[in-house]
Amino acid sequence: MVYLIIGAVLVGILTGLYIVPAAAAQLLDTIVTWALALMVFGVGIEIGRNRKAFHGLKALGWRVLLVPFAIAAGSLIGAAGATVVLDMPLKEVMAVGAGLGWYSLSGVLIAQLYSVELGAIAFLANVFREMLAFILIPVLVGYVGKLAAIAPGGATTMDSTLPLITKVTDSQTALIAVMSGFVLTAFIPFLIPFLLAL
């Protein structure tokens, strides 16, 4: 799975560089959106067919909320640690980390609230996070466990990384991933402005 994902990304990059014309970018965006919607729809059917997963999630109760909060805390702590090697103010690095994988929102939000340069950094950092998530998710399941598969994707676990999480884990983990992605997605629009205002 890891080799397939890396190969697909590399072939996509080369295709974008040398084959697909710039004028087709709008059409490609529409195709990607519909393909993602179709994948998430398929995941939804698979989750819905597994009633045991819903009962398992209900049994976990409020503790399931610890997952997105631990992911947010880990992302912010990791971002703060990056100030050791980056020549950037702490609040800027933390704001980029607070994107939690949602590159389209975090880049635009930071560009509007703070600076275009930091917005571009946030966009790229969160794109790389999502790309790394596709590589790390299968590896983490093998070496750490199913729940660890949710962390790298951050907010994307309710959409783009959800099909992969479902494939390499189980329906209950996929449900936790959806819930975690939803909580993190709701958290980002408040977290980024808060950090930039410090």
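Read the figures in this text as sums done on the coordinates, not as results from a lab. Computed from a prediction, not measured in an experiment: that's the story for all the values here. Here the Cβ is made from the backbone with ideal geometry for all residues, glycine too, and neighbour counts use every protein chain on show.
Here are some notes:
- Flag if S180 is touching a Pro at 6+ places or on another chain (Cβ under 7 Å) and either of a type in the set (G, A, S) or assigned to a loop (DSSP other than H, G, I, E, B) (or both): yes
- Within the stretch 180-193, tally of residues that are over 17 Å from A73 (Cβ atoms) and of a type in the set (A, V, I, L, M, F, W, C): 1
- The conditions of being closer than 26 Å to A59 by Cβ and free of Cβ contacts under 8 Å to residues at least 12 places away in the same chain are not met by V183.
A quick yes/no check of all residues on (1) surrounded by fewer than 22 Cβ atoms within 10 Å (Cβ to Cβ); (2) under 17 Å from the mean Cα position of the chain (by Cα); (3) of a type outside the set (S, T, Y):
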position: E117; (1), (2), (3): yes, no, yes
position: L132; (1), (2), (3): yes, yes, yes
position: V141; (1), (2), (3): yes, yes, yes
position: G145; (1), (2), (3): yes, no, yes
position: V168; (1), (2), (3): yes, yes, yes
position: Q172; (1), (2), (3): yes, no, yes
position: L184; (1), (2), (3): no, yes, yes
position: A197; (1), (2), (3): yes, no, yes
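- Whichever residue in the stretch 87-112 is small (G, A, S) and surrounded by 21 or more Cβ atoms within 10 Å (Cβ to Cβ) and, among such residues, is farthest from F194 (Cα to Cα): G101
- Just one of the listed residues (T166, T156) is touching a residue at least 40 places away in the same chain (Cβ under 8 Å) and either under 17 Å from S75 (Cα atoms) or outside any helix (DSSP H, G or I) (or both), and it is T156.
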